[in-house]
Each structure stands twice: as structure tokens, then as C-alpha cells.
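The values are calculated or read from the model by the stated rules, or taken from the named source; none is laboratory data. Bear in mind the structure is a predicted one, so any value in this text is a computation, not a measurement. All Cβ positions, even for glycine, are placed from backbone atoms using ideal geometry, and neighbour counts span all protein chains on display.
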Amino acid sequence: MVVLGGGLAGTLAAAALAPHVREVLVLEHDSVLPEAPAPRPRLPQAAHAHILWAGGADAMEELLPGVTAEWLAAGAHRIPIPNGMVSFSPAGWYRRSWPDTHYLIGASRNLIDWAVRARVLRLPNVRVQTGSKVCGLEGDAARVLGVVVRDAQDERRLVAADLVVDATGRGSRSTRWLRDIGGPEVRETVVDAGVRYASRRYRAPEGAETNWPVIHIPADPRQDRPGLFATIISIENGQWHVSLSGTRGGEPSAGEDLFEVFARRVRHPLVAELLARAEPVSEVSVFTRTANRRRHFEQAALPEGFIVLGDAATSLNPVYGHGMSAAARGAVALRDLARRTSLLSPGFSSKAQRAIARPAAAAWTLAVGQDRFYPGAVGGKPSLVDRLGARYVHRLNHTAIGNAMVVRRLTDVMTMRRPAHILGLPDVLLAALLGSRMPLLDGPELMPREQEVLDRPPLRSAGASAAEPGK
Ligand SMILES: Cc1cc2nc3c(=O)[nH]c(=O)nc-3n(C[C@H](O)[C@H](O)[C@H](O)COP(=O)(O)OP(=O)(O)OC[C@H]3O[C@@H](n4cnc5c(N)ncnc54)[C@H](O)[C@@H]3O)c2cc1C
């Protein structure tokens with residue numbers, strides 16, 4: 001079996017299927033996959049803060065027992081939810097003092113991938129070939145028989161395989177490769193709010209290096225203006241990874257002097273106030289390829305022996321933090337199917353593709369249900385169903401401020417532990433009807449240690465003066 005791409009989805013696919021095949025060969029375009037948590041050229045998104053929600057982390061742990069301990073030993077944080085989240089939902093500040101029910105992993109993307117990759121490459125029947133750019137499929141409309149690869153010396157060769165998994169990420173060429181061998185047209189849906197990311201790492205202020213909550217100030221899609229977002233996540237080495245983003249018309253710039261100015265323009269200045277008390281330790285990186293893009297492989301009459309996983313099938317606006325978790329849950333679905341059905345049995349690929357599509361579709365619905373509301377969003381105006389859905393989600397957010405059961409259900413869905421339909425169960429509907437049982441908070445709920453950091457004098461005045469384009 002051959003896996004195209006040695007990123008997260010590719011290595012998780014290898015973990016999922018290795019017990020069911022003789023050998024897994026992972027073909028990776030990058031010439032080196034680092035042996036430590038380090039950047040690499042074809043993972044540019046690692047310069048941006050990545051949230052790994054409980055649903056995704058659980059799935060990775062299921063596929064690779066011990067990987068969580070490896071992340072934590074390397075400096076990652078296991079951040080409890082709701083205690084470890086200071087979040088200003090469009091309905092108000094969430095309370096943190098409910099019992100913890102979920103968690104997220106706070107770590108750089110380089111660390112997350114490194115631990116997964118290291119464990120997968122220790123499996124006896126998995127090997128990776130770096131410097132190998134896949135440039136086409138071999139086979140016909142009925143069956144894929146392998147792939148065409150160009151190596152570092154620009155030599156083309158055929159790699160035969162009875163199963164090919166495409167995990168080449170957002171830039172996957174699979175739809176074209178399928179067409180080239182006479183395969184089906186694959187329908188594609190795009191919803192693009194034009195989000196641009198700007199990210200930077202900071203040395204956390206003294207005393208804030210560990211046990212520090214995620215600070216999350218999202219946009220309010222109901223306001224008829226560009227959505228602005230700001231997030232701080234504690235990662236390894238006593239650093240904060242900070243990502244700012246804005247939808248079309250409200251994009252952050254790459255300028256270092258404008259980074260904290262933008263942080264002050266989101267719905268609350270908490271992130272800007274904290275950054276003014278921390279030292280930047282990296283330059284600002286920007287990223288613009290953030291459209292939600294769904295290639296409906298699960299609806300196409302795919303040739304046997306061909307499966308697509310991860311961003312190659314469904315790439316999501318990153319502001320909701322679901323890409324890695326959707327890929328991991330897809331890999332678990334693939335593993336579960338492989339346990340029940342022979343990989344070479346007729347129809348395996350189509351069944352696998354449908355199983356993979358389920359978690360990805362859930363994340364897709366959450367993302368596009370909000371993104372369609374932002375000004376200038378491409379891919380269709382919000383429908384009546386979108387509008388009703390958005391109103392219900394707002395009502396749930398409002399109810400969650402004073403109802404532990406609703407917080408738990410919303411967190412189940414947000415962390416991808418459970419599917420979104422649980423938000424329509426009778427107990428949740430009834431709670432939403434009754435509304436919040438407690439008053440709104442008039443500011444973030446901060447612990448004394450967190451407030452003490454905020455009470456320190458700022459190191460810089462957080463650029464209240466300059467204005468940015470799109471303001
Ligand atoms: C700015 C930003 C922030 C994000 N934040 C979050 C977050 O907070 N939480 C979250 O869960 N997700 C987040 N994501 C999404 C997450 O990064 C992706 O969902 C995830 O990387 C998908 O993994 P993948 O393996 O499918 O693709 P990738 O990680 O892109 O890996 C693809 C691999 O395929 C290789 N490759 C590509 N083409 C070829 C070829 N022709 N031949 C051989 N190899 C090839 C590449 O070199 C790479 O190694 C974010 C994304 C962005 C852009």
C-alpha cells in the first residue's frame with residue numbers, strides 16, 4: 001500500500017492501515033522529515049497556532065497509544081475545558097468554573113506532527129521515501145494500480161500498489177489525476193470568507209509559561225462587518241503562539257508594528273493587553289489559502305484501490321481549529337472499516353470514503369454555517385436553513401453561559417468528540433428554550449495569577465494609534 005504525503009493525515013492513515021497490509025510506503029515531497037519538532041518547507045501552516053481538540057487527540061491516541069504522553073514529555077500542555085479557556089463567544093464570556101469535561105492539547109504543530117510521525121515510522125512495516133513528488137495515478141476508471149513519482153533527480157518512475165491513499169493536503173491534485181486515467185469528475189464545493197492569518201510567537205510573561213488558559217476572542221458572524229479573531233495558545237518552551245485573523249475586508253497585515261494594533265481591534269482587547277506584557281520571539285507569518293473546500297469523493301464512482309484523507313478531501317477555514325481532528329477521526333473510521341472488511345474486497349474504497357466523509361462533513365457544516373455570513377464570502381449567500389441554524393447556535397451560546405449541560409454538549413461538538421446532531425436532542429432543545437439560568441459576565445473570568453500578569457505595567461503601548469487597511 002502507498003500513502004501520498006507524509007503529513008499528519010498521511011502518517012495517521014499509515015497507522016490506521018499498517019496492521020492490515022504487508023507494507024506501507026509513504027511518499028513525501030519534502031526532502032527531509034525532521035527528527036525533532038522543527039519546521040519544514042511543505043508545512044507552512046505550522047507557523048500558525050494550532051488547536052488540537054480532545055476529539056482529535058483521542059483519535060490519535062487510539063491509533064498510536066502513548067502519543068499523548070510523548071507530546072506532554074516534549075513540553076506540550078493538556079489544557080482542561082472549560083477551566084482552561086477564556087472565550088468571548090458572540091453571546092458573552094463563557095464561565096470557566098464548571099467541572100472540566102474536555103481538554104485540548106497546546107503545542108506547536110511541529111511538535112504534534114513529530115511525535116505522530118516518530119511513532120508511525122517505528123512500526124515495522126511502515127517506511128517513508130522523502131524527496132518523492134507524486135505527479136499522477138496509474139490505472140483506469142475501474143482500479144488504481146499505483147502512482148507516478150518524480151524523485152529528487154527528476155527521474156519519473158512507477159510505484160505499484162494495490163491501495164493508494166492520497167493525503168497530500170490542501171493542494172492535492174487528485175481530481176485532475178482521476179480525470180487523467182479516465183476516472184470520474186469529482187464535485188467540489190467552495191465557501192471562502194477570504195480569511196487571512198497573521199501569527200507570531202511570544203515568550204510568555206514570567207509565571208505564565210504553564211497552566212495558562214487559551215484566550216480566544218472570535219468574531220460575531222451576525223454583525224454585518226468583516227470578522228476579526230485573536231487567539232493565544234500556550235505551547236512548549238514557555239511560549240505563546242498567537243494567531244490573528246480577519247475575513248475579507250478585515251485582513252491583518254504582515255507588519256510587525258501592526259500585529260498588536262490588530263489584536264486591539266477584535267471584539268475585546270484582552271489579547272492585546274496580554275501581548276503588551278510579553279516579548280515577541282518570532283517574526284510575523286501570514287497565510288491566505290484558508291477557503292473551505294470540499295471535494296465530494298464520497299459521491300463519485302471512484303476506482304477501486306483509491307482513498308483520499310485529510311485536507312486533500314476536505315480543507316476547512318482554520319479559525320475553527322478542526323482540520324487535524326477531522327483527519328484523525330477519518331483515520332479512525334478507516335481503521336474501523338479495515339477491521340471489519342478486507343482492504344481488497346470490492347467496494348472497500350467507496351465505503352472508506354463515505355466513512356471518512358462523516359467527521360469531515362460535521363466540521364464542514366460548523367465552518368460554512370458561519371463563514372457564509374461574512375461580507376464578500378464566496379460560495380453562496382446564507383440560506384433560510386443557515387439563518388435558522390445560526391440563530392439556534394447563538395441561542396445555545398447564550399444558554400451555555402448559565403447551563404453546565406449545554407456547555408458540555410456544545411463542547412462535545414466543538415471538540416469533535418460527538419456529532420453535531422446531539423445539539424438537537426430534546427434536553428438541549430428544552431434548555432435552549434428556557435435560556436440561561438445565570439446572568440451574563442461583564443468581563444473575562446480570570447484567576448488571580450492571570451489577573452496579576454495583566455496588572456503588570458505593559459512593556460509596550462499596544463499600538464493604539466496606527467490604523468490598518470480594512471478598518
Ligand atoms: C493557518 C492555519 C491554521 C490552522 N489551525 C488549525 C488548528 O488550530 N487546528 C486544526 O486542527 N487544524 C488547523 N489547521 C488545519 C491543519 O493544518 C490541516 O487540517 C492539516 O495540516 C491537514 O493535514 P494533511 O496531512 O491533510 O495535510 P498537510 O499537513 O498539508 O500535509 C500534506 C503533506 O503532503 C505532502 N505533499 C503534498 N503534495 C505532495 C506530492 N505531490 N507528493 C508527495 N507529497 C506531497 C506535503 O509535503 C505534506 O507533507 C490550520 C491550517 C492553517 C492553514
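For this structure, a couple of remarks:
- Within the stretch 76-89, being surrounded by 18 or more Cβ atoms within 10 Å (Cβ to Cβ) and in contact with a helix residue (DSSP H, G or I) (Cβ under 8 Å, 6 or more places away or on another chain) holds for A76, I81, P82, V86, F88, S89.
- Some residue of the stretch 314-328 being over 30 Å from F88 (Cβ atoms), part of a helix (DSSP H, G or I) and not aromatic (F, W, Y): no
- Single match in A118, A160, A193 (criterion: away from the ligand (no atom under 14 Å from the Cβ), within 24 Å of the chain's Cα centre (by Cα) and of a type in the set (G, A, S)): A118
- Output for the stretch 174-190, where each listed residue is within 12 Å of the ligand (Cβ to nearest atom) and touching a residue at least 24 places away in the same chain (Cβ under 8 Å): S174, W177
- Taken over the stretch 236-248, the criterion of being assigned to a strand (DSSP E or B) and surrounded by fewer than 24 Cβ atoms within 10 Å (Cβ to Cβ) is satisfied by Q239 alone.
- Condition check for I215: away from the ligand (no atom under 13 Å from the Cβ), modelled with pLDDT of 95 or more, crowded, with 20+ Cβ neighbours inside 10 Å and not assigned by TED's automatic domain parsing to the domain that holds F297: yes
- The set of residues in the stretch 303-332 being more than 9 Å from the ligand (Cβ to nearest atom) and under 24 Å from R179 (Cα atoms) consists of P303, E304, G305, F306, I307, V308.
- Among the candidates R289, R277, the residue that is in a loop (DSSP other than H, G, I, E, B), away from the ligand (no atom under 14 Å from the Cβ) and in contact with a helix residue (DSSP H, G or I) (Cβ under 7 Å, 6 or more places away or on another chain) is uniquely R277.
- From the options S436, S461, residue that is more than 30 Å from D311 (Cα to Cα), in contact with a His (Cβ under 8 Å, 6 or more places away or on another chain) and small (G, A, S): S436
- Residues that are within 24 Å of R340 (Cβ to Cβ) and of a type outside the set (K, R) occur in the stretch 24-33; there is at least one.
- Scanning the stretch 402-425 for residues that are closer than 18 Å to L441 by Cβ and under 20 Å from the mean Cα position of the chain (by Cα) turns up L410, T411.
- None of D113, D100 is more than 26 Å from L302 (Cβ to Cβ), in a loop (DSSP other than H, G, I, E, B) and either touching a strand residue (DSSP E or B) at 6+ places or on another chain (Cβ under 8 Å) or not aliphatic (A, V, I, L, M) (or both) except D100.
- Search result, residues across the stretch 115-168 that are closer than 25 Å to H48 by Cα and buried (at least 22 other Cβ atoms within 10 Å of the Cβ): A115, V116, R117, V120, D166, A167, T168
- Whichever residue in the stretch 26-37 is among the hydrophobic types (A, V, I, L, M, F, W, C), in contact with a helix residue (DSSP H, G or I) (Cβ under 9 Å, 6 or more places away or on another chain) and closer than 19 Å to G169 by Cα and, among such residues, is surrounded by the most Cβ atoms within 10 Å (Cβ to Cβ): V26
- Residues of the stretch 398-419 satisfying the condition of being more than 14 Å from W98 (Cβ to Cβ) and either surrounded by 19 or more Cβ atoms within 10 Å (Cβ to Cβ) or basic (K, R) (or both): H398, V413, M414, T415, M416, R417, R418
- Among the residues of the stretch 74-89, those identified as away from the ligand (no atom under 15 Å from the Cβ) and not in a strand (DSSP E or B) are A74, G75, P82, N83, G84.
- Considering the conditions (1) closer than 25 Å to D113 by Cβ; (2) touching a residue at least 60 places away in the same chain (Cβ under 8 Å), A230 is excluded by exactly one of them, (2).
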